[in-house]
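What follows is a single structure, written as structure tokens, with notes after it.
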Amino acid sequence: MTTKKNDGSFKLYSQIIQIKKQAIADLQREIAEIERLSGGADGKPRPTALYMAEVVLRKAGKPMHTKDIAAAIAAEFDYPIRIDTLGTRLHRAAVERGKVFTKVKTAPNTYALIEK
């Protein structure tokens, strides 16, 4: 009789251990994602898309198409950014705020820095 009771307890504890291991794995994935989004485990925040675009445009010294800005961001900051997301952010920054970026009217999806 004691063997059956111990076998039942062993199975129950084994199941609990598996559930806890899965919960730990899930939490580790969440932590990794949060670190990725926040810039990493070193605590340094990742620059914003607009900041990275400004750096790229400043280095280029000329207007650039959104896809070229995205490619330059990927090369310069080792951070791949979606072209459509970058385009939306640049458009909003140029049209709604108009302090740093301007949309080049003669070329679609092309942006430049506002001269100060």
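The values are calculated or read from the model by the stated rules, or taken from the named source; none is laboratory data. From a predicted model like this one, the values you see are computed outputs, not experimental measurements. Glycine gets a Cβ as well: all are built from the backbone with ideal geometry, and neighbour counts include every protein chain shown.
Criterion first (under 20 Å from the mean Cα position of the chain (by Cα) and at pLDDT 90 or above) does residue 53 satisfy it? Yes, satisfied. May I ask you to verify whether residue 15 is modelled with pLDDT of 90 or more and more than 24 Å from residue 114 (Cα to Cα)? Here the answer is yes, as residue 15 does meet what is asked. Here residue 77 meets the list (1) modelled with pLDDT of 90 or more; (2) surrounded by fewer than 17 Cβ atoms within 10 Å (Cβ to Cβ); (3) more than 11 Å from residue 114 (Cα to Cα) almost entirely, failing just condition (1).
In the set (1) among the small types (Gly, Ala, Ser); (2) at pLDDT 85 or above; (3) farther than 21 Å from residue 115 by Cα, residue 40 fails one condition alone, (2). Of all residues in segment 61-110, those that are in a helix (DSSP H, G or I) and free of Cβ contacts under 8 Å to residues at least 12 places away in the same chain total 10.
In the set (1) under 16 Å from residue 100 (Cα atoms); (2) in contact with a helix residue (DSSP H, G or I) (Cβ under 7 Å, 6 or more places away or on another chain); (3) at pLDDT below 95, the condition left unmet by residue 69 is number (3). Within segment 80-109, the set of residues being farther than 13 Å from residue 49 by Cα, crowded, with 17+ Cβ neighbours inside 10 Å and not hydrophobic (A, V, I, L, M, F, W, C) comprises 102, 103, 109. Here residue 59 clears all of (1) over 30 Å from residue 33 (Cα atoms); (2) buried (at least 17 other Cβ atoms within 10 Å of the Cβ) except the condition numbered (2).
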